[in-house]
1. Given 0.36 nm per residue, what is the gain on full extension from Leu94 to Lys122 after removing their alpha carbon distance, in nm?
2. Could you work out what % of the accessible surface of the chain is carbon and sulfur, using a 1.4 angstrom probe and leaving DNA, RNA and ligands out of the count?
3. Could you list, in their original order, any pairs among Lys69/Lys98; Lys143/Lys173; Lys68/Lys174; Lys68/Lys173; Lys68/Lys233 whose Cα atoms are separated by more than 24 Å?
4. Whole number in Å², please: accessible area per residue of the chain, 1.4 Å probe, ligands, DNA and RNA not counted.
5. Going by average Cβ neighbours within 10 Å, how do the peptides 191-202, 212-223 rank, with the highest at the top?
6. How big is the shadow of the Cα convex hull of the chain, averaged over all directions, in nm²?
7. Compute, for the chain, the length of the dipole vector about the Cα centre, with Cβ point charges of +1 (Lys, Arg) and -1 (Asp, Glu) only. Units Debye, rounded to 20.
8. Could you calculate the contour length gain from Glu39 to Glu77, that is, 0.36 nm times the residue separation minus the distance between their Cα atoms, to one decimal place in nm?
Amino acid sequence: MKPDAFFINTSRGALVDEEALVEPVYRTSTFVFTEERLEKWLQGTAGEEEIIYTYGRSRNPTQISLQKKIAALEHGEAALVTASGMAAITMAILGYCKSGDHLIYAQTVYGGTYNLMAHVLKDLGIDVTFVQDLTAENLNRAKRGNTRMVYFETVANPTLEIPEFDEIAAWAKKSGVHTVVDNTFTSPYLFRPLDWGIDTVIHSGTKYINGHGDLVAGVVVGSTAFCEGLRKKSTWTSGRFFPPIIVH
């Protein structure tokens, strides 16, 4: 199936009326609990494919539909949409790193990402090493005992350099280090980093995934366990979502 047809036919929303040609937009902040749904929610016995919706800051059917479609396009298990590309980058990094940890990232990256790495992470107690060329030799030189992650972009912004994915992924797996890649410049239409052994992919949905210049959004794609962990943490803290009408 071609990517455009695949996207259209992939994963409709969990509460969608099957007779609706276009998925409805769920703008509600809260959801009604029947006795049966409440019992399942309290006992945690809902089926694996059944989501007990409670509060819009946690999950919403419109957002779930978008996440499933992007995850499918990237060949990932799950995805998590965020309020911006920088929100997606920050959440992915903090999903792997905490105070006292160290990460390696490519010298050439998007300006907002550079400032996050150079300034904000330092304040959080996370050390960063900039590496110009992400070769196995340079990565070995930069690696420490507390290195948790390597971060780079599919196509470097703004130099358009393309990294050696197979070499970086192989080194990371051998070294027990996670890999996070910004795939904004190519989108899953042209390249899928997860197929090359990368652990987690992020996007600024403001660019090619949206394509119309009329929204600010981000997305994290990876394992179900990783994305669900980020979702729970964001529910307890900032609440990552933009309005469902924009997702639609």
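The values are calculated or read from the model by the stated rules, or taken from the named source; none is laboratory data. Computed from a predicted model, the values in this text were never measured in an experiment. Backbone-built Cβ (ideal geometry, glycine too); neighbour counts: all protein chains shown. These area figures cover heavy atoms from the full protein model, side chains too; ligands, DNA and RNA do not enter into them. Shrake-Rupley method; radii C 1.70, N 1.55, O 1.52, S 1.80 Å.
1. Additional length available on full extension: 8.8 nm.
2. Numbers: 7080 of 12920 Å².
Ligands and nucleic acids excluded, carbon and sulfur give 55 percent.
3. Details: Lys69/Lys98 30 Å; Lys143/Lys173 13 Å; Lys68/Lys174 30 Å; Lys68/Lys173 26 Å; Lys68/Lys233 20 Å.
Correct reply: Lys69/Lys98; Lys68/Lys174; Lys68/Lys173.
4. Details: 12920 Å² over 248 residues.
With all protein chains present, the chain gives 52 Å² per residue.
5. Values: 191-202: 21.4, 212-223: 18.8.
So the peptides 191-202, 212-223, ranked by packing, come out 191-202, 212-223.
6. Working: hull surface 57.8 nm².
Mean orientational projected area (the chain, Cα hull): 14.5 nm².
7. 660
8. Taking 0.36 nm per residue and subtracting the Cα distance, the gain is 10.9 nm.
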